[in-house]
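The values are calculated or read from the model by the stated rules, or taken from the named source; none is laboratory data. It should be emphasised that the depicted structure is a prediction, and the values quoted were computed from it without experimental measurement. Here Cβ is always computed from backbone atoms with ideal geometry, including for glycine, and neighbour counts include all displayed protein chains.
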C-alpha cells in the first residue's frame, strides 16, 4: 500500500514540478482529488509506523507514566535492537514459526493442488463435496482453535479414533507434549487453510487453456508430462500468489494456536505472534515489542518484494 | 501416409445427434475440406478422427487399421487448432521439440529434427524467440511444424484461418497449400469459409445438420450441386432457385414460374429427366451465368451492390428473388425492370419436394 501511495505522490509531484505551464488546472485538481486518500493513508500507515519506530528506540512502557510522545526521555541507545539480537526466546520463537511455515505451507499447497486437480474434472456429488471442502475456511479461527482443543484432549475423539483403529486404549496427552502440541497446532492450521489454497489453485487450474492441453495430448504427452510441462508452468503466477498469501498469513499464526495451547506447554508452541502478544500484555515492555515488530516487518517486506519480482517475471513468461 | 475411411459414423450427445451416418473415403495424400455452417457436424467429425471424441457408432479406419480405442496421442495425427494452441510459455524451439521430447527421443535426435523442420518452415532465425509474441503467420507455421515433426500420416486443421483478418487470409491460404505440397500428407481441413475450401481443397465434403450433403471437387460442387442446400451454400451469392412446374411448349420443355412467366426451354439432355420426375421443381442458375437480354425473366430491380470488380443486382422479392452478378456496372437502377436470361448450360433443376438435383441423363 505504501508503495502505491509513493508512486502516486511521486507522479503528482513530478507533474507539479516539471511543467510550470500546466501547474494550474490538471495537476492541482489531481492533487486535491487524491489528498483525502493520501491523508488517510498517512494516518493509518505512515503515522503508526513512525510512532512504532520512535517507541522502539526507547524503554517506554504504558506503566512508565509518560505519554508516548514523551518517550524520548527514555531513549536507550538502540538497546532494544541489541537485546533482540541476543534474545534466545525470540530466536527460538522465530525458529518455531519457520518450522510451522515449512511444514504447513507446503502441506497445504500439495493437498490444495491435489484437490484442485481432482475438482477440475467432473464427478458425481462434486458440488456437495466442494461446499464441504470450503467450510473449514469459513470457521472463525478462534472457534476452530477451540474445536481442535477439544479434539486433541487425552479423552478426546482423536484418541478415541486411534484406540478404535489400533485396538488398544490410546491416551496420548497431545497438547501437553512439546512435540505433539506443535504437531496438533500444525494439523489445525492445515485443516483450516488447505481450502483457501485449493480455491486459489482451482481458479488457476481452470484457467489453463484446454486447447494447449489437448495439443500436448495429441503430441503424445501422458497425463503426468502434461501436468509438468503445461499445467504447472501456466499456473506459475497463481501458485506464487497462493504461496505468498499463505507464507505471510502463516508467519502471523496466532488465534487458533493461542486457544489450543496458549503457546505452551512452556514455550513449546510459542510463535512470534504469541511471543509478541505475551510481551505486550504480560511484560508490558512496549518499546521492545515495537522493535521486534519493526524487525519482522522489514524482513517480511523484503520477502514480499522478492515474491512480487518473481511474480512479475512469471507473468512475463506465462 | 494414410487414407481415411469413415464408415457409418454416428455421434450423439445425449438426445442431440451431431452426426448422422457419415460415410466418407479420403484418399492418401488428399486435401479434403469439410465445409458447412456452424453446427453442421464438421468439427465433431474431425474430433472423432483425432480421437478427442469417441464415435457413438461406426468405424474410423486409417488405411486398413481400425482406430477404435486408439487414444489420441497414438493415432499419428497432427492437429492444428483454431487458435493454434501454441505453448506460449515456451520458445519456438521448445514448441517444435515438444512431441519428440515427450516420447523420450535423444537430445541430438531432437536437435536434428527441430533443425530440419525449422529450416523447412523458415523458422530457424526465430527458434529462440518466446512463443507469446509471434505474428499469426508464424504461429501457424509453428503449429504446423510442431505437428509435422512427429511425421504424422494425417494432418487435421480446425478452421486455422478464422482468427485472421481478411487481407492476411489470402497470404495464409497460399502458404498452407504450399506446405501441404511439401509434406504430402493426407489433410483434412475444417472450415465454414467456402473460399478457403474452394481454393485449397482437392475435394470438398459439404455438410449440414450432421448430414453429408455432397462430396466432390470444388468445381463439381459448384457446378453440379447435389441438392438445394449445396446449391445455396456454395457460391457467393448462392445459386438462384425459383419454384415452378414443368410445362410443355412448342420450343420444348420449359418451367412455368407462375407470375414470372416461363423459362427458356431446358437443355435437351436435362428435359427427359425433368419430365420423368413430375411434380414441382426448383429452377436453378448461377448468378454469375446470367446475361441481360430481351428474352428471359422480366423482373424489377430491388437493389444494386457495386463492389468494384463486380456488380450484384438484386431482382424481384421474397420467394422469387434472384441475384445476378455482372463483371461491369450494367447501369441498372432500383425500380427499373431488367430482363435476365440464364445461360442454358448453367441451368440446374431440383425436385421441389426432396430438394435433390434432377440429373441429366
Report whether or not residue B:119 is part of a helix (DSSP H, G or I) and away from chain A (no Cβ under 13 Å). yes
So in the range B:67-90, with the set limited to residues that are touching a strand residue (DSSP E or B) at 6+ places or on another chain (Cβ under 6 Å) and more than 13 Å from residue A:218 (Cα to Cα), which one is nearest to the other protein chains (Cβ to nearest Cβ)? B:82
If the requirement is being under 33 Å from the mean Cα position of the chain (by Cα), closer than 30 Å to residue A:233 by Cα and either modelled with pLDDT of 90 or more or in the same structural domain as residue A:249 (by TED's automatic domain parsing) (or both), which of these qualifies: A:37, A:114? A:114
Here the residues within the range B:86-131 that are within 31 Å of the chain's Cα centre (by Cα) and more than 23 Å from residue B:177 (Cα to Cα) are B:87, B:88, B:99, B:131
Within the range A:199-206, is even one residue closer than 21 Å to residue A:107 by Cβ, in the same structural domain as residue A:144 (by TED's automatic domain parsing) and loosely packed, with under 15 Cβ neighbours inside 10 Å? yes
Looking for something in contact with a strand residue (DSSP E or B) (Cβ under 6 Å, 6 or more places away or on another chain) and within 14 Å of chain B (Cβ to nearest Cβ) - is there at least one such residue anywhere in the range A:214-226? yes
From the options B:111, B:132, residue that is in a helix (DSSP H, G or I), surrounded by fewer than 18 Cβ atoms within 10 Å (Cβ to Cβ), on the phi < 0 side of the Ramachandran plot and within 14 Å of another protein chain (Cβ to nearest Cβ): B:132
Looking at A:229, A:237, A:256, which one is within 14 Å of another protein chain (Cβ to nearest Cβ), part of a helix (DSSP H, G or I) and touching a residue at least 40 places away in the same chain (Cβ under 8 Å)? A:237
When only residues in the range B:34-66 that are surrounded by fewer than 17 Cβ atoms within 10 Å (Cβ to Cβ) and assigned to a loop (DSSP other than H, G, I, E, B) count, which is nearest to the other protein chains (Cβ to nearest Cβ)? B:54
Can you give me the ranges of the strands (runs of 3 or more DSSP E) entirely in the range B:166-271 with at least 3 residues that are under 30 Å from residue B:24 (Cα atoms) and in contact (Cβ under 8 Å) with a residue 12 or more places away in the chain? B:186-191, B:203-208, B:211-216
Can you list residue pairs whose Cβ atoms sit under 8 Å apart, with the first residue in the range B:312-326 being farther than 14 Å from residue B:287 by Cβ and the second being buried (at least 18 other Cβ atoms within 10 Å of the Cβ)? Count only pairs 6 or more apart in sequence or on different chains. B:320/B:242; B:320/B:260; B:320/B:299
